[in-house]
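Colleague: Before I ask anything, here is the structure I am working with.
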Number of protein chains: 4
Amino acid sequence: MIIVMNAPTPEQTNRVLDKIRHCGLEPHCLVGRDKTIITTVGDTEPERGEQFERLAGVERVVSVNTPYKLASRQFHAHNSVVAVNDVRFGAEAVPVIAGPCAVESYEQFRETALAAKDAGAAMLRGGAFKPRTSPYSFQGLENEGLKIMQAVGREVGLPVVTEVTDPRAVGLVSEFADMLQIGARNMQNFALLKEVALAGRPVLLKRGVAATIEEWLMAAEYLLSGGSSEVVLCERGIRTYENYTRNTLDLSAVPLVKHLSHLPVVVDPSHGTGNWRLVGPMARAAVAAGADGLIIEIHPWPEEAMSDGPQSLTLANFRQLTRELAKVAAAVGRTINHGKGGAQR
Amino acid sequence: MIIVMNAPTPEQTNRVLDKIRHCGLEPHCLVGRDKTIITTVGDTEPERGEQFERLAGVERVVSVNTPYKLASRQFHAHNSVVAVNDVRFGAEAVPVIAGPCAVESYEQFRETALAAKDAGAAMLRGGAFKPRTSPYSFQGLENEGLKIMQAVGREVGLPVVTEVTDPRAVGLVSEFADMLQIGARNMQNFALLKEVALAGRPVLLKRGVAATIEEWLMAAEYLLSGGSSEVVLCERGIRTYENYTRNTLDLSAVPLVKHLSHLPVVVDPSHGTGNWRLVGPMARAAVAAGADGLIIEIHPWPEEAMSDGPQSLTLANFRQLTRELAKVAAAVGRTINHGKGGAQR
Amino acid sequence: MIIVMNAPTPEQTNRVLDKIRHCGLEPHCLVGRDKTIITTVGDTEPERGEQFERLAGVERVVSVNTPYKLASRQFHAHNSVVAVNDVRFGAEAVPVIAGPCAVESYEQFRETALAAKDAGAAMLRGGAFKPRTSPYSFQGLENEGLKIMQAVGREVGLPVVTEVTDPRAVGLVSEFADMLQIGARNMQNFALLKEVALAGRPVLLKRGVAATIEEWLMAAEYLLSGGSSEVVLCERGIRTYENYTRNTLDLSAVPLVKHLSHLPVVVDPSHGTGNWRLVGPMARAAVAAGADGLIIEIHPWPEEAMSDGPQSLTLANFRQLTRELAKVAAAVGRTINHGKGGAQR
Amino acid sequence: MIIVMNAPTPEQTNRVLDKIRHCGLEPHCLVGRDKTIITTVGDTEPERGEQFERLAGVERVVSVNTPYKLASRQFHAHNSVVAVNDVRFGAEAVPVIAGPCAVESYEQFRETALAAKDAGAAMLRGGAFKPRTSPYSFQGLENEGLKIMQAVGREVGLPVVTEVTDPRAVGLVSEFADMLQIGARNMQNFALLKEVALAGRPVLLKRGVAATIEEWLMAAEYLLSGGSSEVVLCERGIRTYENYTRNTLDLSAVPLVKHLSHLPVVVDPSHGTGNWRLVGPMARAAVAAGADGLIIEIHPWPEEAMSDGPQSLTLANFRQLTRELAKVAAAVGRTINHGKGGAQR
């Protein structure tokens, strides 16, 4: 903790020094012409800095400790590899997760899954419980959707990730899904994070729509400190003033998070742009930037999709994209993971 | 729904027209030199526009219907007044809610409550379940905090609002609190909104930290369509690039929401600025802009607060502020509601 | 300057210490378990911190010196008062500047000016050189507009402020205007700032549409260090993700800037909201927050305005507003300056 | 132009229809239960929509015409190729521009230029007139810097781009530089744009730090309509709430702008991230996303740089990067342009 004081009186400085000592810490004080800088090292509770900001003469308090521990690369130098069945995130291969925004029917999901696998996807995605901005929008097939995903996943031989939005539903969703997704709107739904941490399933943690990198890693810390050891981060676009795109995909988060943390990072160019025309270029860019995976919305007939049609690729577009991704992956020393039965054969 | 097409072929135009008719709607088509504009009126489902965006030749789809109905002033011209016991939001008086960020002990909350009432507060606030960015931060006294708030509220004779963060806790919190708060992080926690809508308590719905006005009103629509009839909106600052303040308090949301909706709007200058020095000026500004209430963090000794000390007013500061607010309220034809036992006597 | 190092080797620490000494400064080093903190006090050049960020082991560099000097309240404790003829910004009275976005004709400007003065405006605004997003939009009457403003200003007896956008036009505009405005788009047009600083006219410096408070005060520092001693700051809304309003008016900038700086701050609720319905409430809020002036767009027939009609008040609206503002000003211990011939008589 | 009216009275509708006809346009009116939609096709002046927003009953006005013409792909289907001497932007090759933020001395620039060329750069960058946030920061070598750049550029045989910040300096800078850069702060400095448009040099137009895609293309329109026919756009990061990076590099702007416009787009990952560790991954990502060029800050000894050291690559880093870029370019069917004397031999 570093406390910067602005032209303090001796009494103001002494009050700060006393308070530091009262916390059991040792202060070091450097008096300049205008500013006085008081430094203390050693673990401090996250709240403590705030308590000094209100003291007279204090200009600001700078925290020096990284607020996340288990998520930090500082204490875990090697990349973590998170396995979902035989799909591995954080290793050389870059798995592609594909599927529709929402599961609409057995036929729709099966057709999508077969095409996804055939094009080289390593894993399936689909929504059963859809968090929708409007209460009047389609909210997902719920339990029926979970059953369809599990059945089709087993049939085609690919694991399935789906979102869970309610702490009361974590047990149920865990029975049907191989990986649990925390959506962007729920990144700081701490009741949900705590419940998911106990579920014993790998977790895909999306970045909140206006979350800083640090808040995102703190949400991962909730999962890791709560009992989960398998967390994959997912960049999916942040909210900015630009409204030509649905969100602004922050690809610099990929190398930045990999610098700060050992956790794998995947990218969602579908929500990240909201526009199918941009999904291909941004998927290629994500792989070139070092992403450990991709999650892409595809639909057999996007113009009939019950949600997110504008950002969904057709099955043919997706097949074309996986070919391009394989080339970019090779250019950066990686491969696209095509799953057991995929195009790599 | 308005569909703008960019130099479409006749086939492209016909496909759009056919699809509109297939939805049971009547299209009107206007062909210009470059652009073709196809318009249809009548209620459409919120998803429908998306399904047209993917069709060839379509540049964009503009929705004309207001997506919220129950929250809209269009269908409810008069201001709604929401009562919490005898405190009324949306009427001439402007109630002030005051209290600490977190309930820390009976003594702390009681001292705060007595001073708040004496200064003219109409209602108490306090946190028992605290959503904290860090899992290592103080998370609130939980059940014990609820009991303290209820006991002190009854003792001083003021109603109490507190946040609920977990759908499983809605029943419990409703037993102890007079009003339920949905915090900014949970504005789009739809599982929570649905449960709170059924609780039979007035609701204080904070704006999400990066929520648009429309998303905020849609969250209110979840409450209203789910069974709640008493919703008060709360502007508490939005996230911007400016980081001198914790958030940027968007006071223009007050007159804007009152133009669009019949619901009362209160302002939280404490979270909205994160800096106690700015709380007073922004509280005065909120009243001048037409706010229907204020919610202000106060603490008997802010430099020892377990959370949000930097933005908390001392009890003396708060007393001074309520005097200033009374003058500003009078200047805009309103009064500060001082509660039953307050300074108005 | 504070340098935070993350688990540095002794060689890394020594390299930093040597480089500090090489700059002629004295380092103080505090070694903790993970972090090493090196502090130095004394004036440093603004670039210097950057040179340490690249050294191995350095996590970040925190600057402790305020980068603006002449604009800072630290070295100028009293409020500055800036006079434009007999209109004073920063004193007890709160002058209101009013006028059309663009000067369109002698008749339009004269009718506006007479009504503005009659309603109590202290000063006139008008645009002759209009920075427009589109090259095909009306760019202002240019020299002719300047002449109209000067003639009408003299006729009605109110000083005039107008924007200058080109360093080559500073001399010309200074001949016709009583105060020079630097527009939001030009806040960091340093060639223009340097020229305006030499013009010998008071300056109204608008905040850039995405400028931080610090960047804004640094732009003022360009003016003050360049020879200008009379600078008035103007908050006019910042760019955020919210697009219901044209900008988000950051009223917290008013008390914040007044805490950091001695310069007067006025508010432009017209550009700050882009919507005439919000201008009145936000003008009242600005006065309640402590603004030292207002600048408001008015037009005799807004639906025919050549620019910014949607945010312009009618002359009748403006008259009503100044009455309301007088009441709010009184509530916060100030007055609305009605100019020599205004309603105060 | 589409005018959406909300439950208008017949008089309100007629007023709108009359005003449209008064503009010489033909209205088409569709009356729904709540909303009335009035549509007109045909070119309208950009201001016209605003004049309808103020009419009673009008909810909003939607413009359907693209506001930029010369920059639009709609009227220029093929990619434009912009040549700077023998370097071509917008063709198959992807030229890399490299050099220091600021020219500091002949030796520094020459050493950088030789290394840049040797590593495969096609063009040099360097700053002589530096727009700096602080008036106390190094402002560039000015005329001396221009001379150094021209001399070294000729010596090593690479063209040079440098920023011009003042309309009065356009002639001078054009004598020394092969390409003129409009910096982010000056993207809407229209006086400068108009002067640069007449200079007869290719222009590199950086996106403003908070500019929308549309505003950026409108700035290009100023250049194109003012006489310049050779404009290259440059994405360099936008301002967001995230402050771990200096800016948020918006790579989705690359495919988006190439969809909307025929102009080449280059990417500046140095300013776009502000952190040398992120420059390599984001440069690779830019090429994968379809960028037509890169502009990268390099410095022989970044920890001594007079500006932007933290984001500058060392010469060795840059050499390594160009090798990686060549592989990524090949993966997307392009090449890195190594200039006449570069590594391609």
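The values are calculated or read from the model by the stated rules, or taken from the named source; none is laboratory data. Computed from a predicted structure; not experimentally measured. Positions of Cβ are generated from backbone atoms using ideal geometry, with glycine treated the same way; all protein chains shown enter the neighbour counts. Note: accessible area is taken over every heavy atom of the protein model, side chains too, but ligands, DNA and RNA are not part of it. Shrake-Rupley method; radii C 1.70, N 1.55, O 1.52, S 1.80 Å.
Colleague: Not counting ligands, DNA or RNA, and with a 1.4 Å probe, what is D:D268's accessible surface area in Å² rounded to the nearest 10?
Modeller: 0
Colleague: Find how many whole Å separate the alpha carbon centroid of the stretch C:152-179 from the alpha carbon centroid of the stretch B:54-91.
Modeller: 45
Colleague: If amide hydrogens are placed 1.01 Å from N in the peptide plane, which non-local residues have theirs closer than 5 Å to the one on C:G127?
Modeller: Under 5 Å from the amide H of C:G127 lie the amide H atoms of C:A102, C:V103, each far enough along the sequence or on another chain.
Colleague: Amide H to amide H, which residues 5 or more places from A:S261 or on other chains are under 5 Å from it, using H placed in the peptide plane?
Modeller: Excluding prolines and chain starts, which carry no amide H, the hits are A:R73.
Colleague: Still on this model: Any idea of the total accessible area buried by the B-C contact, 1.4 Å probe, rounded to 100 Å²? Can you show the working numbers first?
Modeller: On the way: alone 16000 and 15980 Å², together 29040 Å².
It comes to approximately 2900 Å² buried between B and C.
Colleague: Give me a single rounded figure for D:54-66: the average over its residues of other chain Cβ atoms within 10 Å of their Cβ.
Modeller: Details: counts 12, 3, 1, 0, 2, 3, 3, 1, 6, 1, 12, 5, 4.
Partner-chain Cβ atoms within 10 Å, mean over residues of D:54-66: 4.
Colleague: Also: Sort largest first and round to whole Å: the equivalent ellipsoid semi-axes of chain B, each the square root of five times a Cα gyration tensor eigenvalue.
Modeller: Values: eigenvalues 386, 83, 70 Å².
After diagonalising the Cα gyration tensor, the semi-axes are 44, 20, 19 Å.
Colleague: Heavy atoms of the protein only, probe of 1.4 Å, neighbouring chains included. What is the accessible area of B:M306 in Å², nearest 10?
Modeller: Roll a 1.4 Å probe over it and B:M306 shows about 70 Å².
Colleague: Which whole-Hz couplings ³J(HN,Hα) result when phi for each residue of the stretch C:115-124 is put into the Karplus expression 6.51 cos²θ - 1.76 cosθ + 1.60, θ = phi - 60°, listed in order with x for Gly and Pro?
Modeller: With the stated coefficients, the stretch C:115-124 comes to 5, 4, 5, 4, 7, x, 5, 9, 7, 10 Hz.
Colleague: What percent antiparallel are the DSSP beta bridges of the protein assembly as shown, to the nearest 5?
Modeller: Working: 72 of 176 bridges.
Bridges in the protein assembly as shown that DSSP calls antiparallel: roughly 40 percent.
Colleague: Given only helices, namely DSSP H runs of n ≥ 4 each adding -39500 (n - 2.57), what is the per-residue ellipticity at 222 nm of chain D, to the nearest 500 deg cm²/dmol? List each step's numbers first, then the result.
Modeller: Numbers: 11 runs with 120 residues, N = 345.
-10500 deg cm²/dmol, from helical runs alone.
Colleague: Across the residues of C:254-265, average count of Cβ atoms on other protein chains within 10 Å? Write down the numbers at each step before the final one.
Modeller: Numbers: counts 4, 10, 9, 1, 2, 5, 1, 0, 0, 0, 0, 0.
For this peptide, the per-residue mean of nearby foreign Cβ atoms is 3.
Colleague: Ranked by accessible surface with a 1.4 Å probe, highest first, in what order do A:E230, A:E242 come?
Modeller: Correct descending sequence by accessible area is A:E230, A:E242.
Colleague: Name the residue from A:V31, A:Q311, A:G126 whose Cα lies farthest towards the positive end of the charge dipole of chain A, charges +1 on Cβ of Lys and Arg and -1 on Cβ of Asp and Glu.
Modeller: Value computed over the given set: A:V31.
Colleague: So, one more: Would you work out which of B:I148, B:A71, B:T112 lies farthest towards the positive end of the dipole of the stretch B:69-148? Charges go on Cβ: Lys and Arg +1, Asp and Glu -1.
Modeller: Farthest towards the positive pole: B:A71.
Colleague: So which of B:K117/B:K147; B:K69/D:K19; B:K35/C:K130; D:K147/D:K194; C:K130/D:K194 end up more than 21 Å apart by C-alpha? Before the final figure, lay out each step's value.
Modeller: Values: B:K117/B:K147 19 Å; B:K69/D:K19 31 Å; B:K35/C:K130 30 Å; D:K147/D:K194 25 Å; C:K130/D:K194 14 Å.
With Cα atoms farther than 21 Å apart: B:K69/D:K19; B:K35/C:K130; D:K147/D:K194.
Colleague: With charges set only on the Cβ (+1 for Lys and Arg, -1 for Asp and Glu), what does the dipole of chain C come to about its Cα centre, in debye to the nearest 20? Don't skip to the end; give the middle numbers.
Modeller: On the way: 36 positive and 38 negative charges, 120 e Å.
Using Cβ point charges on Lys, Arg, Asp and Glu, chain C gives about 580 debye.
Colleague: Share of antiparallel DSSP beta bridges in chain B, in percent to the nearest 5? All intermediate terms of the calculation are to be shown ahead of the outcome.
Modeller: Working: 18 of 44 bridges.
Counting only bridges with both partners in chain B, antiparallel ones make up about 40 percent.
Colleague: Just need the relative contact order of chain A here, percent rounded to a whole number, with Cα pairs under 8 Å and 6+ apart.
Modeller: Numbers: 743 pairs, mean separation 62.8, N = 345.
Once normalised by length, the contact order is 18 percent.
Colleague: When the Karplus curve 6.51 cos²θ - 1.76 cosθ + 1.60 is applied with θ = phi - 60°, which whole-Hz ³J(HN,Hα) does each residue of the stretch A:59-66 get, with x for Gly and Pro?
Modeller: Once rounded to whole Hz, the list reads 8, 6, 10, 10, 8, 9, 7, 5.
Colleague: Hey, can you grab everything whose amide H is under 5 Å from the amide H of D:I238? Only 5+ residues off in sequence or another chain; H modelled, so Pro and N-termini drop out.
Modeller: HN-HN under 5 Å from D:I238: D:T248, D:L249, D:D250.
Colleague: Report the calculated FRET efficiency for C:Q320 and C:N243 (r = Cβ-Cβ distance, R0 = 22 Å), to the nearest 0.05. Write out the running numbers ahead of the final one.
Modeller: On the way: r = 28 Å, r/R0 = 1.29.
My answer for the efficiency is 0.20.
Colleague: Helix D:10-22 sits at what angle to the longest principal axis of chain D, using alpha carbons and giving 0 to 90 degrees rounded to 10?
Modeller: Between helix and principal axis, roughly 60 degrees.
Colleague: State, as an integer percentage, the relative contact order of the stretch A:119-232 based on alpha-carbon contacts under 8 Å between residues 6 or more apart. Don't jump to the answer; show the numbers that get you there.
Modeller: Details: 186 pairs, mean separation 22.8, N = 114.
Result for the stretch A:119-232 is 20 percent.
Colleague: Shape of the protein assembly as shown from its Cα gyration tensor (a ≥ b ≥ c, root eigenvalues): rounded if a/c is under 1.5, otherwise prolate when a/b > b/c, or oblate? Before the final figure, lay out the partial values.
Modeller: Details: a/c = 1.12, a/b = 1.04, b/c = 1.07.
Judged from the Cα gyration tensor, the protein assembly as shown comes out rounded (a/c under 1.5).
Colleague: At a temperature of 4 °C and a viscosity of 1.567 mPa s, determine how fast the stretch C:172-306 diffuses translationally according to Stokes-Einstein, using the Kirkwood radius over alpha-carbon pairs as Rh; express D in µm²/s, rounded to the nearest whole number.
Modeller: Working: Rh = 15.3 Å.
The estimated diffusion coefficient comes to 85 µm²/s.
Colleague: In chain C, carbon and sulfur make up what percent of the accessible area (probe 1.4 Å)?
Modeller: Roughly 48 percent of what the probe reaches on chain C is carbon or sulfur.
Colleague: Going by accessible area, probe 1.4 Å, with all protein chains left in place, what is the ranking of A:Y241, B:Y244, largest first? Walk me through the numbers before you get to the answer.
Modeller: Values: A:Y241 25, B:Y244 100 Å².
Final ranking, largest accessible area leading: B:Y244, A:Y241.
Colleague: Across peptide D:126-139, how many C-beta atoms of other chains are within 10 Å of each residue C-beta, on average? Don't jump to the answer; show the numbers that get you there.
Modeller: Details: counts 0, 0, 0, 2, 1, 4, 6, 12, 12, 17, 10, 5, 3, 2.
If you average over the peptide's residues, the count of other-chain Cβ atoms is 5.
Colleague: 7 Å from Cα along Cα→Cβ at both C:N14 and C:E107: what's the point-to-point distance in nm?
Modeller: 8.5
Colleague: Could you report chain A's accessible area per residue, 1.4 Å probe, as an integer in Å²? Before the final figure, lay out each step's value.
Modeller: Numbers: 11230 Å² over 345 residues.
Here the residues of chain A average 33 Å² of exposed surface.
Colleague: Strictly greater than 20 Å: what percent of every Cα pair in the stretch A:30-120 meets that?
Modeller: On the way: 2710 of 4095 pairs.
Everything past 20 Å amounts to 66 percent.
Colleague: Sticking with this structure for a sec: If you rank B:E214, D:E221, D:E11 by how much accessible surface each has, with a 1.4 Å probe, what is the order from largest down? Please list the in-between numbers first.
Modeller: Details: B:E214 80, D:E221 0, D:E11 130 Å².
Largest to smallest exposure gives the sequence D:E11, B:E214, D:E221.
Colleague: Also, I was wondering about something else. Tell me whether the stretch D:131-203 comes out rounded, prolate or oblate; compute the Cα gyration tensor, take square roots of the eigenvalues as a ≥ b ≥ c, and use a/c under 1.5 as the rounded threshold.
Modeller: Numbers: a/c = 2.10, a/b = 1.19, b/c = 1.77.
Here the stretch D:131-203 falls in the oblate category.
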